[in-house]
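Just so you know, all these numbers are worked out from the coordinates, no wet-lab data involved. Since we're looking at a predicted model, the values are computed, not measured. Cβ placement follows ideal geometry from the backbone for every residue including glycine, while neighbour counts extend to all protein chains displayed.
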Amino acid sequence: MERQPNTKLANLIAEAEVSHLGLASRITAVAEEWRENIRPAHTQVARWIAGQQPRGTTPALIAEALSRKLRRRVTLADIGMDNSTDAPETGLDFVESAEELISGIGALWTADVQRRRFLTGKVAAVSISHPAFQWLLAAPASRPERAGSQQIGMSEVLAIRATTAMFAGLDNRFGGAHSRTAAIQYLTDQVTPLLNGSYTSAVGTALFSAVAEFNLTVGWMAYDTGLHGLARRYLVQALNLSHHAGDRQLGASVLSAMSHQANYLGEHTEALTFARAATQAIHDRPSALLEAQFAAMQARAAAAIPGRESECLSALATAEAAFIRHRPCEGPEWIAYFDESELSDEFAHCFRDLNRPAEARRYAMQCLDAETADYSRSRTFSRLVLAAALLSQNELEEACVVVTAALPRIQETGSTRCRTYLRDLRTRLNTHADHPDVRELMIHISRVLRPTRPQ
């Protein structure tokens, strides 16, 4: 049979204004990032346009390379290669059909368990902005109910919630890499049959909400491990699930998580947009603690954007006022972690980024004075923020003491974020490398940051 030219691919290449050789080079760069041994030549690009269908992960690599050049998400269907099993769009769509959601989220979990390489690729903030915008404006979904072979009740929902709490605790204590594999195995082995079972609308609503919270937890774990593209897929799926559960507050919290990650990745404008969207999503059903947390995310993003100091301070004032208004046991159970220590930590981060070390030091110390064992990783971040403030105030000996005390915790945890904070602090310490305490500390830091076997 004569091959049909792939006009979709040809049109996208023309739109991207990239040569065949240029596209081949971009594909090679993505392949190296994904650890795929694929090095196409420009002649292969010509053959694909002529109608040849590449195998394996190559279609996903093509779509990813064009996505980055065009600065928008390009799917396998867009390039005329939607018969591939490695779809770079997996987990990145807003889904209005519950059945389609069940199928799509199962595909993401399976691909994650199988460690499919395409999941390690970058996902730009713009790729999740669209589903976030769709969620924000979507009409309420019908409550999920289903007729399957296995009868599902509230006991199964409670089991998922208990398991979520367990994995969240492990994540907070030992970092995302510690138990992420076990968490996704639980999703594929235990949760998939439940979603495909038989349940009433009441049970279905609770089930989808519980699975949304679990996906949000796994998204945080992937983020903490440095798997940022994968984390974003889980966050989008948590958003989908919260939509079908009618859980607007949880969906808004997912937007807040998107803001947190975007800010960490340096996408500060997008982080600010996500945080504002989270606040907007709950304007008609306010929870003081949620309002405080979302305002803190707005402040974190604004602090990192030059010229936005007044906006940051205003958001911090909003966060503080909302926190004062909240009452114990008010709001969803999953936001109860946001206590006085967490709020002080957000203030400390903001003042660090605003280069106001006296305030950063004061709030970091307030945070640590209220330290709880359950959130030891978070308090490690707080200690490193305190150390940065002390360095800015030229309190070198005290800064070294603070960092030295944090090093064992960083070494034993599987947190890429902790190591990123430590690398940032090492850069700050370089300006004081002639100080004897700093020289000794730098040796210990180098040992902690020594490369380890990939997770």
Response to the item:
Plugging the Cβ-Cβ distance of Glu145 and Thr110 into 1/(1 + (r/R0)^6) at R0 = 22 Å yields, to the nearest 0.05, a FRET efficiency of 0.35
Worksheet item: Taking Cα atoms of the stretch 92-246, Rg/Rh with Kirkwood Rh, to two decimals?
Response: 0.95
Fill in: Convex hull of the chain built on C-alpha atoms - directionally averaged projected area, nm²
23.9
Worksheet item: Helix 58-70 sits at what angle to the longest principal axis of the chain, using alpha carbons and giving 0 to 90 degrees rounded to 10?
Response: 60
Worksheet, complete the sentence: Here the averaged projected area of the stretch 21-149, based on the convex hull of its alpha-carbon atoms and given in nm², is 9.5
Practice prompt. Throw me the Rg/Rh for the stretch 43-100, computed over C-alpha atoms with Kirkwood Rh, two decimals.
Written response: 1.02
Practice prompt. Enumerate the calculated ³J(HN,Hα) couplings along the stretch 329-334 in order (Karplus 6.51 cos²θ - 1.76 cosθ + 1.60, θ = phi - 60°), each rounded to whole Hz, writing x wherever the residue is Gly or Pro.
Written response: 6, 8, x, x, 4, 6
Worksheet item: Which of Leu70, Ile49, Val30 sits closest to the plus end of the dipole of the stretch 7-70, meaning its Cα is farthest towards the positive end, when Lys and Arg get +1 and Asp and Glu get -1 on the C-beta?
Response: Ile49
Item to complete: Rounded to whole Hz and in sequence order, give me ³J(HN,Hα) for the stretch 398-411 from the Karplus expression 6.51 cos²θ - 1.76 cosθ + 1.60, θ = phi - 60°, writing x for Gly and Pro.
Response: 5, 4, 5, 4, 4, 5, 4, 5, 7, 4, x, 5, 5, 5
Discussion item. Could you work out [θ]222 nm for the chain from helices alone, using -39500 (n - 2.57) per DSSP H run of at least four and dividing by all its residues? Round to the nearest 500 deg cm²/dmol.
Written reply: -21500 deg cm²/dmol
Discussion item. With +1 on the Cβ of every Lys and Arg and -1 on the Cβ of every Asp and Glu, and nothing else charged, how large is the dipole of the stretch 7-70 about its Cα centre, in debye rounded to the nearest 20?
Written reply: 140
Worksheet entry | Residue-by-residue Karplus 3J(HN,Hα) for the stretch 46-52, coefficients 6.51, -1.76, 1.60, Hz, glycine and proline x | 4, 5, 5, 5, 6, x, 5
Response to the item:
With 0.36 nm assigned to each residue of separation and the Cα-Cα distance removed, Thr120 to Arg285 gains 55.7 nm
Discussion item. On the principal axes of its Cα set, how long, how wide and how thick is the stretch 7-70? Give whole Å, largest value first.
Written reply: 29, 23, 17
